[in-house]
Structure formats: structure tokens, C-alpha cells
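Heads up, the thing below is written out as C-alpha cells.
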Amino acid sequence: MNASRTLLVTGGSRGIGAATCVLAAERGWDVAVNFARDQPAAERVAAAVRARGRRALVLQADVGDDTAVRAMFEALDRAWGPRLGGLVNNAGVVDVAARVDQMDAARLDRMFRTNVLGSFACAREALRRMSTRHGGAGGAIVNLSSAAARLGAPGQYVDYAAAKGAIDVFTMGLAREVATEGVRINAVRPGIIDTDIHASGGQPERVRQMAPLVPMQRAGTAEEVAAAIVWLLSDEASYTTGSVIDVTGGR
Ligand code: NAP
């Protein structure tokens, strides 16, 4: 059995997820583009995938809603069959800068539900379709961590950093759990990347402000992160599992 060339990218409508969808299409993947709110943006990414000669599907789901995640995978099964070759757990959120002693329960719930529980739920559904233990043909999962998992993000969002720390451990543990089942699990840890996420956290100038702190003296691009993700998905990374790759300009 050959692993399928179908890929699901969560949060594929913008930023790193969108760049991953487009590069994956260029490398021969059919791409299901998940989004939460912005359907027109997801449709534009799907059009870019089709323009590269691959199939595209647009799937709305809040990854933090377990029922919605299961429904999304069932919709994918109906459209393209139950074979899935790749999953990128990219959907993620930050929040406005705050100290831990200012964080309320609603903020913490959203932070961990979206960034951690969403990745667990999507990986669970993907494994049920990929793992040889479940009759699948193998595959690869790439999780999006953050350099914040190493730095802690004090005074900004320790909650986000802790959620990404959980993603690092999730990656290491799950990789070993399924290592004999044809599924590789890895993570990419981006640094300061020029996307809309900073404005969504109330800091539209963050990329410009932080660039001097990066050894390479610039922010990264979504495409530079996508290159690492798509390599980890590929057969070129056939002996790489449980790895967390920094894409941080040296930070
Ligand atoms: P972004 O530009 O803010 O895009 C976020 C994407 O996630 C959008 O497509 C959004 O879709 C989707 N999304 C948000 N909440 C969702 C939910 N609950 N369910 C499904 N989709 C959801 O973010 P980005 O900068 O590309 O970041 C992508 C990943 O890289 C995240 O995990 C982030 O933590 C990580 N990362 C980013 C940086 C950076 O500097 N940019 C650094 C380190 C790590 P809608 O627009 O439709 O809601």
C-alpha cells in the first residue's frame, strides 16, 4: 500500500497554513484547506491549489470543537475516501499581551482548546485513517509549535508558550507511540514570522519591533516555514520522526 497524497492543513486560509497548502500542491499533494471564519480566504487558497493542477477542498471547522473535527474528517472521507497521507496541525491562536495574574478562565480555555486539544483531536482522526494498526497505508503529521515554547513569552502570553510546549511533548510522545505504524510525527517551531497573527494579538507592529532581536535581523516568511513543513511531510524525511525543527533565523 502506498500512502495517499491527500493532505489536510488546519488553518489553511492564511499565513503559514496558506503557504503550506500552495507549496504542498506544487509538490504533488491534493489539499483540504480547513478554516474557522474566513471562507473567501480559504476559497482563494483552494483556487491556488487547483491552479497548480491538484485537487482542493474547503472545510470549515473550529479545531477546538471535537464534534466539528469529527464532522470535518467525515466530510473529507465522503469527498476523497478514507485514505489520508498527511495532516498539518497549523491552526493556532494568540491573545493580547497579558501577565498570568491577569488571565481569565475564558482566555485559558480558548488558548488550550484551540492550540492543544485541537491538535490532539485532529491527530486522533488522522491516525485512525493513516496508521497501519487501523488498516491505513501510513502518513505524516506535522504540528506547529513556536519558539515561545523555549522562551516562555513572559509578559506577553505565557499561556500560548505553555500550549506550544505541550505541542513539543505531544510530538515526541506520539511519534514514539506510532513509530511502527507507518506514521511519522514531527513539529516545526517558527520564530517571528510575518503573518496576521501578530495583529490578531493586538500587536500589528510586532514583526518590525522584534526583527532586531533576531540574529538574522529579520522576520521570516510564511513560505520559509512552509518549506520545512512540506519537507517533513515528504518521503525525503522518511527517517525523521519525533523531531522539532526550529525555523527562527537563529533566535
Ligand atoms: P494566522 O495568520 O493568524 O492564521 C491562522 C489560521 O488559523 C487562519 O487560517 C485561521 O482561519 C485559522 N484558525 C484560527 N483559529 C482556528 C480554529 N479554532 N479552527 C480552525 N482554524 C482556525 O497564523 P500564522 O501566523 O500563520 O500561524 C500558524 C501557526 O504557526 C499557528 O499555530 C501559530 O501559533 C504558529 N506560529 C506562528 C508564528 C508567527 O510568528 N506567525 C510563530 C510561531 C508559531 P480563519 O481566518 O478562517 O479563522
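The values are calculated or read from the model by the stated rules, or taken from the named source; none is laboratory data. Every value quoted in this text rests on a predicted model; they were computed, and no experiment measured them. When we count neighbours, we look across all protein chains shown, and the Cβ atoms used for this are built from the backbone with ideal geometry, even at glycine. Side chains included, ligands, DNA and RNA excluded: accessible areas come from the protein's heavy atoms. Shrake-Rupley method; radii C 1.70, N 1.55, O 1.52, S 1.80 Å.
At a glance:
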| read-out | value |
| --- | --- |
| Cubic angstrom per residue, convex hull over Cα atoms of region 1-85 | 84 Å³ |
| Rounded to 5, percent antiparallel among DSSP beta bridges of the chain | 0 percent |
| Charged-residue dipole, Cβ positions (Lys, Arg, Asp, Glu), region 117-203 about Cα centre, Debye nearest 20 | 320 debye |
| Approximate shape of region 128-184 as ellipsoid semi-axes (Cα gyration tensor, √5λ), whole Å, largest first | 30, 9, 7 |
| Electrostatic dipole magnitude of region 1-81 [Cβ: Lys, Arg +1; Asp, Glu -1; Cα centre; debye, to 20] | 400 debye |
| Within region 95-251: Cβ-based charge dipole about Cα centre, in debye rounded to nearest 20 (Lys, Arg +1; Asp, Glu -1) | 220 debye |
| Coarse-grained scattering of the chain at q = 0.12, 0.13, 0.17 Å⁻¹, given as base-10 log I(q)/I(0) from a Debye sum over alpha-carbon atoms | -0.63, -0.75, -1.32 |
| Cα shape, region 45-94, gyration tensor, a/c 1.5 rule | oblate |
| For region 103-168 versus region 3-19, the gap between their alpha-carbon centres in whole angstrom | 16 Å |
| Heavy-atom accessible area order for His198, His134, largest first, 1.4 Å probe | His134, His198 |
| Sorted peptide list for 234-247, 168-181, criterion being average Cβ within 10 angstrom, highest first | 168-181, 234-247 |
| For the chain, calculated [θ]222 nm from helices alone, where every DSSP H run of n ≥ 4 adds -39500 (n - 2.57) | -12500 deg cm²/dmol |
| Summed residue charge, Cβ within 9 Å of Asp246's Cβ, Lys/Arg positive, Asp/Glu negative | +3 |
| Two-site FRET efficiency, Arg128 against Gln209, from Cβ-Cβ distance with R₀ of 41 Å, rounded to 0.05 | 0.40 |
